[in-house]
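The values are calculated or read from the model by the stated rules, or taken from the named source; none is laboratory data. Not measured: the values here are computed from a predicted model. Here the Cβ is made from the backbone with ideal geometry for all residues, glycine too, and neighbour counts use every protein chain on show.
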Ligand code: MG
């Protein structure tokens, strides 16, 4: 494999740090061209020093000076602001863009990278939830492949390698069920953020951990799979699998099911995207089946986890509605993390925003950005009302 030059958007987040863990194990195969983060300048500076990054960007422009000072005496060039991120991802010196920013903010730089024909290692599922048809169209038009980093989608991608051109009849998307899988609805309703932030299997950032607790994350992953694998939603089946060993499965017309398994560790799907089509040796925990004993599977409970149903409904309605769902969810999760709304407030606000949003059947990029802003504003006003009532 020829040395690949990597840009990591959101390098101080959970996926960004684990991407650097993979690169640390394979310094001969990868070079770090660009690191970006929102505001954690100390971590960013330490990463830039360790990996000798050519360029670093801090999105929060007020931290520029601090980052610049922290990188004094290094060869790293320091930039600030989202526009710099969008410019630098298009550089000839970048081969793979790891899109691991959180939420809708990942859309603009991903679009820039797609237009420059870069290979995208996509961890930022919100990009596909908000603008799936646009993103996939750009990927085709500019010959910019999207390799999934989300563990379930990496699994599906790996399973599809067994298809040999045969038709897929079903995708089985596995879900851990999150920390509240066995709780009653009343218990869940009273859940504090500390309870919601305790994921049984995966260690992740706060936003996605709350999305896992509501199962909005799984709903988003259904939408993500619909776009990545050009599969109608009706063919995507969510199955709860608390052990998180099978990361997803693909079923063919003869009833054969191919599953991808590995210990729940994001470094596995990350290395698969970075090294594709090569598999790189990795110091992760290997599966011991006798130790595992049993694997279990359940139907998802849409009554306890209404967010999952909302995602299906958003896809059914199509157009800009998934973007509305994503925007409302981002605002509501942030409010939940500030202890301003109860747990089910998240899905209630998302549902109401979907009801009240102006529908656009075939949104342009501009429509998507406008929808994101207006849905956030609506969600914020609903959050304020909810806060007053409590
Ligand atoms: Mg996932």
(request) Check residue 93 against each of (1) in contact (Cβ under 8 Å) with a residue 40 or more places away in the chain; (2) within 23 Å of the chain's Cα centre (by Cα) and name the one condition it does not meet. (result) (2)
(message) I'd like to check something: does segment 286-302 contain any residue that is in contact with a helix residue (DSSP H, G or I) (Cβ under 7 Å, 6 or more places away or on another chain), touching a residue at least 12 places away in the same chain (Cβ under 8 Å) and either in the same structural domain as residue 20 (by TED's automatic domain parsing) or over 28 Å from residue 18 (Cα atoms) (or both)?
(response) yes
(message) I'd like to know if segment 106-115 contains one or more residues that are in contact (Cβ under 8 Å) with a residue 40 or more places away in the chain, within 17 Å of the chain's Cα centre (by Cα) and within 16 Å of the ligand (Cβ to nearest atom).
(response) yes
(request) At least 1 residues that are in contact (Cβ under 8 Å) with a residue 24 or more places away in the chain, within 12 Å of the ligand (Cβ to nearest atom) and touching a strand residue (DSSP E or B) at 6+ places or on another chain (Cβ under 7 Å) in each: list the helices (runs of 4 or more DSSP H) lying fully within segment 143-257 that qualify. (result) 151-160, 216-228
(request) Report yes if residue 44 is closer than 25 Å to residue 279 by Cβ, in contact with a helix residue (DSSP H, G or I) (Cβ under 8 Å, 6 or more places away or on another chain), free of Cβ contacts under 8 Å to residues at least 40 places away in the same chain and not in a loop (DSSP other than H, G, I, E, B), otherwise no. (result) no
(message) Condition (residue is buried (at least 21 other Cβ atoms within 10 Å of the Cβ), outside any helix (DSSP H, G or I) and either away from the ligand (no atom under 16 Å from the Cβ) or in the same structural domain as residue 37 (by TED's automatic domain parsing) (or both)) applied to segment 129-138: is it met by at least one residue?
(response) no
(request) Please find, among 31, 72, the residue that is more than 21 Å from residue 205 (Cβ to Cβ) and surrounded by fewer than 17 Cβ atoms within 10 Å (Cβ to Cβ). (result) 72
(message) Take the conditions modelled with pLDDT of 95 or more, assigned to a helix (DSSP H, G or I) and touching a strand residue (DSSP E or B) at 6+ places or on another chain (Cβ under 6 Å) and apply them to residue 94. Does it pass?
(response) no
(message) Go through segment 258-271 and report how many residues are outside any loop (DSSP other than H, G, I, E, B) and touching a strand residue (DSSP E or B) at 6+ places or on another chain (Cβ under 8 Å).
(response) 6
(message) All but one of (1) surrounded by fewer than 24 Cβ atoms within 10 Å (Cβ to Cβ); (2) under 26 Å from residue 136 (Cα atoms) hold for residue 121; state the number of the condition that does not hold.
(response) (1)
(request) Could you list all residues from segment 330-347 that are part of a helix (DSSP H, G or I) and surrounded by 18 or more Cβ atoms within 10 Å (Cβ to Cβ)? (result) 330, 331, 332, 333, 334, 335, 336, 343, 344, 345, 346, 347
(request) Would you mind finding the one in 87, 95, 69 that is farther than 18 Å from residue 149 by Cβ and out of contact with any helix residue (DSSP H, G or I) (no Cβ under 8 Å at 6 or more places or on another chain)? (result) 69
(request) Looking only at segment 363-376, decide whether some residue is closer than 21 Å to residue 194 by Cα, in contact with a helix residue (DSSP H, G or I) (Cβ under 9 Å, 6 or more places away or on another chain) and not in a helix (DSSP H, G or I). (result) no
(message) Is it the case, given these coordinates, that residue 316 is in contact (Cβ under 8 Å) with a residue 40 or more places away in the chain, surrounded by fewer than 17 Cβ atoms within 10 Å (Cβ to Cβ) and over 30 Å from residue 188 (Cβ atoms)?
(response) no
